[in-house]
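Some notes on the structure that comes next.
The values are calculated or read from the model by the stated rules, or taken from the named source; none is laboratory data. Computed from a predicted model, the values in this text were never measured in an experiment. A quick note on method: Cβ atoms are made from the backbone with ideal geometry, for glycine too, and the neighbour counts reach across all protein chains shown. Protein only, heavy atoms only, side chains kept; ligands, DNA and RNA dropped before computing areas. Shrake-Rupley method; radii C 1.70, N 1.55, O 1.52, S 1.80 Å.
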Amino acid sequence: MARFDIVLLIGLCLIISVFPDTTTAQLSRGFYSKTCPNVEQIVRNAVQKKIKKTFVAVPATLRLFFHDCFVNGCDASVMIQSTPKNKAEKDHPDNISLAGDGFDVVIQAKKALDSNPSCRNKVSCADILTLATRDVVVAAGGPSYEVELGRFDGLVSTATSVEGNLPGPSDNVDKLNALFTKNKLTQEDMIALSAAHTLGFAHCGKIFKRIHKFNGINSVDPTLNKAYAIELQKACPKNVDPRIAINMDPVTPKTFDNTYFKNLQQGKGLFTSDQVLFTDGRSRPTVNAWASNSTAFNRAFVIAMTKLGRVGVKNSSNGNIRRDCGAFN
């Protein structure tokens, strides 16, 4: 190797060591310890206040966090309202079904923070959403965990950027793994995060084909539990309004638990993308393990959520702290 090349290589190494990967290096549990020391309590109070009004806030916030992080990273870009000149993420067809109560959780927490002089315009909407997501999981009986903070809010939000970046209800394990791998998440992370479907509801339109006209041979997906399929057909008949809501978890829809995996063992996964986790031999062992061990599942979920929260994090050079979570400064 030429001397010049060696010097150049050393120089590059020094640059890398001085300027580490800012996407995760900036995150820390005590990021607001001096600027807004009671940030977690303020957000938690706002979340609890909202949940008392409607439980929908719980699954809505959790889903909002996933949809935000999977498109351009965890930067609250999904919160941005469209304008005549820009169709934002939230108005892409894959995001239109996001419940307004999830957005309102963040908005109310932001108001509460801004009413505190020491916290006003100090905490990003991205961090508020991340904290609120942990809080709704805990409120539903799920595991508590420390949240890394220090995200800045994104400066871009376009509907076109959503295309192909969110898991779909008909995805198989290959497609799910590909989407999660793109975000540096493993198959185990994917299975753990899929269990968020233990909470909340979906719309009849998302499962209509699976229970009425699956393919040329079977009208109903044969991987569906027969009794469960009949229940779904009653809840979502052929002439149903596609917006009618049904529980994702038919057993404990308001509790964050490992019943999701027990349901898969019985053929009661609502979406194809749920049930394939059991029918595919690559993911079935993990489903079986977590169906019988809630502690192991909770541990895996916390790890996966922490990793998800690091995806595409913005810093002060490509983000800012929004004054209004729904609009750019």
*If you count, for each residue, the other Cβ atoms within 10 Å and average over each peptide, how do 198-209, 70-81, 303-314 line up from highest to lowest?*
70-81, 303-314, 198-209
*Using modelled backbone amide H atoms (1.01 Å from N, in-plane), which distant-in-sequence or interchain residues come within less than 5 Å of residue 314's amide H?*
152
*Might you tell me the accessible area per residue for segment 194-279, computed with a 1.4 Å probe and given in Å²?*
48
*Among 132, 60, 99, which one shows the biggest mean-square fluctuation in a GNM of the chain, springs joining Cα atoms closer than 10 Å?*
99
*For the chain, set up a Gaussian network in which alpha carbons nearer than 10 Å are linked by springs, and say which option among 218, 239, 298 fluctuates the most.*
239
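Can you give the calculated 222 nm mean residue ellipticity of the chain, where each DSSP H run of n ≥ 4 adds -39,500 (n - 2.57) and the sum is split over every residue, rounded to the nearest 500 deg cm²/dmol?
-13500 deg cm²/dmol
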*Could you calculate, for the chain, the ratio of the Cα radius of gyration to the Kirkwood radius, expressed as Rg to Rh?*
1.01
*Cα gyration tensor shape of segment 44-121, rounded if a/c is under 1.5, else prolate or oblate by comparing a/b with b/c*: oblate
*Work out how much length residue 294 to residue 91 would gain on full extension: take 0.36 nm times their residue separation and subtract the Cα-Cα distance, in nm to one decimal.*
69.5 nm
*asked:* Which one, 189, 241, 221, has the greatest fluctuation when you compute a Gaussian network model over the chain with C-alpha springs under 10 angstrom?
replied: 241
_Spatially proximal lysines relative to residue 50 (Cα-Cα < 25 Å; intrachain offsets below 8 disregarded)_ = 90, 110, 111, 122, 254
*Lysine pairs with alpha-carbon atoms under 28 Å apart, segment 154-235, spacing 8 or more or separate chains*: 14
*Ignoring ligands, DNA and RNA, what percent of the accessible area of the chain is carbon or sulfur (1.4 Å)?*
56
_Can you compute the FRET efficiency between residue 116 and residue 245 using 1/(1 + (r/R0)^6), with r the Cβ-Cβ distance and R0 = 30 Å? Round to the nearest 0.05._
0.25
*asked:* About the Cα centre, and with charges only on the beta carbon of Lys, Arg (+1) and Asp, Glu (-1), how big is the dipole of the chain? Nearest 20 debye, please.
replied: 520
*If R0 is 41 Å, what FRET efficiency do you get for residue 181 and residue 254 from their C-beta distance, rounded to 0.05?*
0.80
*May I ask for the Kirkwood hydrodynamic radius of segment 171-329, worked out over all distinct Cα pairs and given in angstroms to one decimal?*
17.2
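What shape does segment 137-177 take by its C-alpha gyration tensor, where a ≥ b ≥ c are the square roots of the eigenvalues and a/c under 1.5 counts as rounded, a/b above b/c as prolate, and the rest as oblate?
oblate
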*What's the angle, to the nearest 10 degrees (0 to 90), between helix 57-69's Cα axis and the longest principal axis of the chain?*
60
_Relative contact order [Cα under 8 Å, 6+ residues apart], the chain, whole percent_ = 25
